[in-house]
Amino acid sequence: MRIVRAKDYNDMSRKAANILSAQVIMKPNCVLGLATGSTPIGTYAQLVEWYNKGDLDFSNVTTVNLDEYKGLNRENDQSYYYFMNEHLFSKVNVNHERTFLPDGTEKDSEKACADYNQIIEDVGGVDLQLLGLGHNGHIGFNEPGDVFKAKTHCVDLTETTIKANQRFFASIDDVPRQAYTMGIQTIMQARKILVVVSGEDKAGIVKEAFFGPITPKVQASVLQLHPDVTVVADEAALSLVK
Ligand code: F6R
């Protein structure tokens, strides 16, 4: 595991974007595994800037995202598809037919998960997987538990998450109760992994996940076993690590 120390959020974003763009330049038809959340927003903005300068070409790139809310369609501004479109897909020349997320509108969870596993297999697996890190060590929607779940599965969101999400919806009944997420085996099968972390509030979990014991109670700790992981973190997130 390589830890790259960045000065601040902007520096983290630039360093992470450098790694992603190197992947796209080295293998123009690569498969990028992508994440939503607040941490990678700056990374996507940096990629868009380089694309606008003519330094990057996404025309042969395929993308597969980590997760999607069950019950939300692509037009819903809380869906992860909407997020990706807003921050990246609509701003670069990626072929929209080659951008994949779990299908939030599929009511049959088993089918949604099996279909997504098939898509990942059909595209030949992930070359570079970008990950954010949850405060409880989750990656994708793989929450602390007793096991590492292998493949794409449907997760019940916790009451805390549902309540926290309520502010984005008209009423609590509109808040998704479940999400589809890539599993840990699929994430671990990515040929390279890039984790972005920023902020002092993540310092504790950075230490636990990357320097503590490997346990499903801290799902990201499994990344210590992957042969090619780069963690790009800012000084605040690394403040508890020597
Ligand atoms: C996003 C995802 C999540 C986030 C994590 C960190 O697709 O699957 O695991 O990466 O919750 O989120 P932020 O970056 O908002 O702190």
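The values are calculated or read from the model by the stated rules, or taken from the named source; none is laboratory data. The model shown is predicted, which means the values in this text are computed figures rather than measured ones. Cβ placement follows ideal geometry from the backbone for every residue including glycine, while neighbour counts extend to all protein chains displayed. Surface areas here come from the heavy atoms of the whole protein model, side chains and all, with no ligands, DNA or RNA. Shrake-Rupley method; radii C 1.70, N 1.55, O 1.52, S 1.80 Å.
Take the conditions (1) of a type outside the set (Val, Ile, Thr); (2) in contact (Cβ under 8 Å) with a residue 40 or more places away in the chain; (3) part of a loop (DSSP other than H, G, I, E, B); (4) exposed (fewer than 15 other Cβ atoms within 10 Å of the Cβ); Pro227 misses just one of them, which is (2). For the criterion of being away from the ligand (no atom under 16 Å from the Cβ), among the small types (Gly, Ala, Ser), part of a loop (DSSP other than H, G, I, E, B) and over 30 Å from Ala233 (Cβ atoms), Ala170 passes. Taking the range 28-76 as the range and being surrounded by fewer than 14 Cβ atoms within 10 Å (Cβ to Cβ) and away from the ligand (no atom under 16 Å from the Cβ) as the test, the residues that pass are Pro28, Asn29, Asn52, Lys53, Gly54, Asp55, Ser59, Asn73, Glu75. Scanning the range 140-175 for residues that are touching a Lys or Arg at 6+ places or on another chain (Cβ under 7 Å) and either farther than 20 Å from Leu101 by Cβ or of a type in the set (Phe, Trp, Tyr) (or both) yields a count of 2. Is one or more of the residues making up the range 90-106 more than 14 Å from the ligand (Cβ to nearest atom), open to solvent by 20 Å² or more (accessible area, probe 1.4 Å) and modelled with pLDDT under 95? No, every residue in the range 90-106 fails to be more than 14 Å from the ligand (Cβ to nearest atom), open to solvent by 20 Å² or more (accessible area, probe 1.4 Å) and modelled with pLDDT under 95. Of these, Val94, Val155, which one is in a strand (DSSP E or B) and free of Cβ contacts under 8 Å to residues at least 60 places away in the same chain? Only one candidate passes the filter, namely Val155.
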